[in-house]
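The values are calculated or read from the model by the stated rules, or taken from the named source; none is laboratory data. These numbers were taken from a predicted model, which means no experiment stands behind them. Here Cβ is always computed from backbone atoms with ideal geometry, including for glycine, and neighbour counts include all displayed protein chains. Protein only, heavy atoms only, side chains kept; ligands, DNA and RNA dropped before computing areas. Shrake-Rupley method; radii C 1.70, N 1.55, O 1.52, S 1.80 Å.
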Amino acid sequence: MAMRTVSPDAISTILANPSPDTSTEMPEIVVQVLDLTSKGNRYMFTASDGKKKLKGILPSHLTPQVISGDIQDLGLIRILDYSLNDIPSKSEKYVIVTKCETVSPALEMEIKTEVLSEEIGILLKPKQEFAIKNEEKREDAGIFLKPKQEIIAKSAAQIVHEQHGNMAPAGRMAMTRRVHPLVSLNPYQGSWTIKVRVTNKGTMRTYKNARGEGCVFNVELTDEDGTQIQATMFNEAARKFYDKFQLGKVYYISKGTLRVANKQFKTVQNDYEMTLNENSEVEEVSNEAAFVPETKYNFVPIEMLGPYVNGKELVDVIGVVQSVSPTMSIRRKSNNESVPKRDITIADESKKTVVVSLWNELATTVGQELLDIADQSPVVAIKSLRVGDFQGLSMSTLSRSMLMVNPDIPEAKKLRSWYDSEGKGTLMASVSTSMSPSARNGARSMYSDRVSLSHITGNASLGEDKPVFFSFKAYISSIRSDQTMWYRACKTCNKKVTEAIGSGYWCEGCQKNDDEYILVVKASDASSEAYISAFNEEAERIIGCSADELDKLKSQEGEENLYELKLKQATWVPHLFRISVSQNEYNNEKRQRITVRAIAPVDFAAESRFLLEEISKLRAF
C-alpha cells in the first residue's frame, strides 16, 4: 500500500508528459485534491504535489466516485491516465484525469513541502529531478521510458492501421490508442483523435447565399463519458462523409477543427462545435461499440408540452402510435417545391395525444413502416421536435430529428407495459383540448402576450411582415346563422376537396372527404370587438358539436328551430383565445385576419390569480 503522501514533483511529471503513452510504465503520480467543485456534470479541482499546483477536471464518468465520497476534497488520488490541455493564448493549463484510483480520504490539511536533494545539496529544478528519476529507474529496474519527443499524437487512420496490422491481444491494442475525451477538446489544440458514436444524423440540406450554392449536414457525436458535440460538414466534406456516417456506429475521428458553438443553432450541451473538412479522417471502429453510450433522450410528457409552444427549445417525446395518415404533398411558398408530409398521432401515460408531422424522408421511409404496422400500436421515440401552435398544439420534425420504432430502452418498455395493461382501453384526449390556463402545460400559451381586443383592432399594421401571436379573454357576442359554416374537406389535412368525376370527392394527398367548420364569429371584451375565424377543432369547442351534427340540425324541420337555438346557446360564453394576426389583401385593400389557434374555457381561479399579479405589477410603479 502506498504511503499517504503525494508523489514528489507529480505536477512536473504531468507537465513534462502532456500525452503519456499508457502502453509503457508510467511514473507514480499521486496528488492531493484541492478546491473540489461541481461544474455541470463534471467536477473541477486543483491538483497539488505540495510544491506546485495544476488545475484539473474530473469528467462525468468519475462523478459517481465524487458523489460516493471515494474522491474527496483534501484527499489523495493516483492518476493512471490523463491528457494535458495547453492553451497558447493563456498562461493556465489544466489536466483532464481520465482514469484514477483513490489513495486516501480527506487529510486534515493541505500538504506543503520543500524538497531538497541531500545528495547534491542544491534545489533541483523539476525537469532535472525528473531526469534523475528516469536514470534511477533505468538502472535499477531496467525499464525504458520513451523520451518526450517520441510521444506523438496518432491520427484516426494510424490507429486503425495499427489495429488491423498488430496481432497483439485486444487488451494490449486498446492500451496503445491515444484517444482524447470530448471534454478535453478546445479550439487551441493541434492534433487529437476521438472515439465517438453517431447518436443523431441529420439529412443533407442545400443552401444558397451570396457566395453561391452548397450542401451541408450535421451529426451528433457522443463519447464513452456521455459528452456530446455537434459536427458539421459542408460541400465536399458533406458528400464524402454523408454515406460513411451511419447512425449508431462508432468511429475514430481526427483532423477536425473546433470553434465556439452558436447558441442559436446548437443541439447538444457543449460550448464548442466541430467542423470536418475533406482532409479530416473518419474510420469505423469494429467490435468496440459497447464502450460508447446509446442515444440520450430527455422525454417531455405530452401533457407538459404547452410551455414549449413556439419556443426555440427542441423536445424529445415517446408515445404509442394511435393513427398514421397517408403521405401528403405540401407545396412550399418559398420555392414552390413539393415536399412529402405524414401525420402520426401518439399517446402516452398522461392519457393525452398529440399530432406529430413527419417531413421529407421520415414521412416516406419510417412513416410508411409505421403505416404498415399501425394496427400493432408501435412505440416511437422521437428526438429534436419543434412544438408549434397549429390547431392548438402540434409537433414537427426537422432535418436533425430522429425517430426510433420500438426502441430497446426502459422508457419504451414501461410505456408498452402500461398500454397493454390499461392504456389500450383508456379514452385519450388531445393535448390541445386540455390547454387550460390552470394547468402547467397551458399556462404559457393562454397567458403569455395577454392583450385586450382594442390593442389588436387599434393597430392596423400588426402582422404586416409575418403573423404575430396574442392571447385574450373575450365573449362570443354574435354568430351569423346565414354564413357558410362548413366546407367539404379532407379530415386528415383539412384542405378542401373537389367533386370527383362520377361520384365522391377528391383530395390530392389523402383521397378522403368530410364536413369541417370554417366559422366566423364576433368576439367582444370590455375594450372592443372583432371578427375572428375558427376552423374545425376550435369551432367545435365554440359551437359545442361537430359540423356534421350542426348540418343535420339545420336540415331538420319543425316548430322549434334547433339550428338557431344551438347557435344562440354558444353566444355570451367567455373563452380564453390564443390567436394569430396577419394581413390579407381583399379588393386591393389590406385587412387584418384574426385566426383562432387555440381555445380554452375560463378557469376563474386561475384568472383571478392572473389579475392579482397584474395589479401587483401596477402597484410596483
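A few notes on this one:
- Identification of helices (runs of 4 or more DSSP H) wholly contained in the stretch 523-592 with 2 or more residues that are touching a strand residue (DSSP E or B) at 6+ places or on another chain (Cβ under 9 Å) and not assigned by the TED database to the domain that holds Ala429 yields 536-543, 547-555.
- Any chance Ala47 is touching a helix residue (DSSP H, G or I) at 6+ places or on another chain (Cβ under 7 Å), surrounded by fewer than 18 Cβ atoms within 10 Å (Cβ to Cβ), touching a residue at least 40 places away in the same chain (Cβ under 8 Å) and among the aliphatic types (A, V, I, L, M): no
- Leu54 vs. criteria over 27 Å from Leu185 (Cβ atoms), at pLDDT 90 or above and crowded, with 20+ Cβ neighbours inside 10 Å: no
- Hits in the stretch 321-340 - residues which are open to solvent by 30 Å² or more (accessible area, probe 1.4 Å) and either not small (Gly, Ala, Ser) or not assigned by the TED database to the domain that holds Thr397 (or both): Gln322, Pro326, Thr327, Ile330, Arg331, Arg332, Lys333, Asn335, Asn336, Glu337, Pro340
- When the stretch 30-56 is filtered for residues that are in contact with a Phe, Trp or Tyr (Cβ under 6 Å, 6 or more places away or on another chain) and β-branched (Val, Ile, Thr), only Val33 remains.
- Test: residue in the stretch 428-436 that is at pLDDT 75 or above, closer than 28 Å to Arg331 by Cα and touching a strand residue (DSSP E or B) at 6+ places or on another chain (Cβ under 9 Å): yes
- Residue within the stretch 574-592 that is over 29 Å from Ile456 (Cα atoms), aliphatic (A, V, I, L, M) and out of contact with any Asp or Glu (no Cβ under 8 Å at 6 or more places or on another chain) present: no
- Only residues that are open to solvent by 30 Å² or more (accessible area, probe 1.4 Å) and aliphatic (A, V, I, L, M) were counted in the stretch 562-621, giving 9.
- Single condition Gly458 does not satisfy, out of (1) outside the structural domain of Arg386 (by the TED database); (2) closer than 29 Å to Gly544 by Cα; (3) open to solvent by 40 Å² or more (accessible area, probe 1.4 Å); (4) modelled with pLDDT of 85 or more: (2)
- Within the stretch 26-59, restricting attention to residues that are outside any strand (DSSP E or B) and among the acidic types (Asp, Glu), the residue that is farthest from Gln72 (Cα to Cα) is Glu28.
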